[in-house]
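Engineer: Have a look at this one.
Every read-out reported here was derived from the displayed coordinates using simple, explicitly stated rules and does not represent laboratory data. Small disclaimer: the values here were computed from a predicted structure and weren't measured. Cβ coordinates were reconstructed from backbone atoms using ideal geometry, including for glycine residues, and neighbour counts include every protein chain displayed.
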């Protein structure tokens with residue numbers, strides 16, 4: 001355990017596994033009290049809670065569907081009551097869909113944008129309402145994607161949703177400066193349950209490895225970026241997109 005985030009209260013949405021799980025763990029190890037948002041898998045979130053507490057970290061799980069405004073409002077009200085003012089919010093909850101664009105349906109659009117954009121909007125609104133005007137530089141971090149820059153065949157809806165998140169960041173950073181620091185982390189291909197090399201075709205894996213580093217990233221490499229942007233050395237960074245992507249995007 002370290003102490004650079006001691007006394008801070010953090011929320012990570014979509015904490016059950018993958019990037020969200022790693023971010024929750026990293027912030028707890030740095031001394032923050034971490035709210036672990038989840039919606040569907042109680043077994044997975046219980047495993048995260050057990051892991052963090054075994055390391056001496058402080059955390060609590062809170063169930064909420066981020067695409068539901070009432071759920072999100074109730075989640076933030078509960079955090080206010082139990083732990084107090086929120087200092088760090090990681091907008092991580094997201095879904096993906098790979099499908100030829102001409103086969104995409106209105107339901108597909110709704111599925112992607114409800115969580116990735118609508119959810120980010122609801123969480124961001126409740127967070128910024130509480131963070132505005134404070135002198136201690138609270139942080140809001142959106143988890144985007146390299147595809148928000150690049151686009152990709154069969155991924156138009158997902159890429160568009162992540163581009164929207166990245167531009168929410170720029171607008172929020174400008175509107176709420178100098179009091180709140182708002183940034184995006186846009187990972188490249190990260191080894192998760194969603195992107196498991198053992199379950200991918202040779203063609204798909206080759207596409208994901210097409211970056212200067214020639215490998216998939218790890219969830220801990222993304223969580224390290226979150227921890228940095230949450231910490232005392234990132235107080236002059238806002239409206240930016242940090243890209244742990246192996247060099248796949250060099251804006």
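Engineer: Whole Å is fine, so just give me how far the alpha carbon centre of the stretch 11-49 lies from that of the stretch 119-158.
Structural biologist: Going from one Cα centre to the other spans 17 Å.
Engineer: Summing -39500 (n - 2.57) over the DSSP H runs of n ≥ 4 in the chain and dividing by its residue number, what mean residue ellipticity at 222 nm do you reach, to the nearest 500 deg cm²/dmol?
Structural biologist: Value at 222 nm, helices only: -12500 deg cm²/dmol.
Engineer: Hey, another quick one. Quick one: helix 18-29 against the long Cα principal axis of the chain, what's the angle to the nearest 10°, folded into 0 to 90?
Structural biologist: 30 degrees
Engineer: Cβ neighbours within 10 Å, averaged per peptide: list 68-78, 25-35 in order, most packed at the top.
Structural biologist: Result, highest mean first: 25-35, 68-78.
Engineer: Here's something else I'd like to know. Where Rh is the Kirkwood radius over the Cα pairs of the stretch 84-241, the temperature 37 °C and the viscosity 0.692 mPa s, what D in µm²/s does Stokes-Einstein return?
Structural biologist: Values: Rh = 16.6 Å.
For these conditions, the coefficient is 198 µm²/s.
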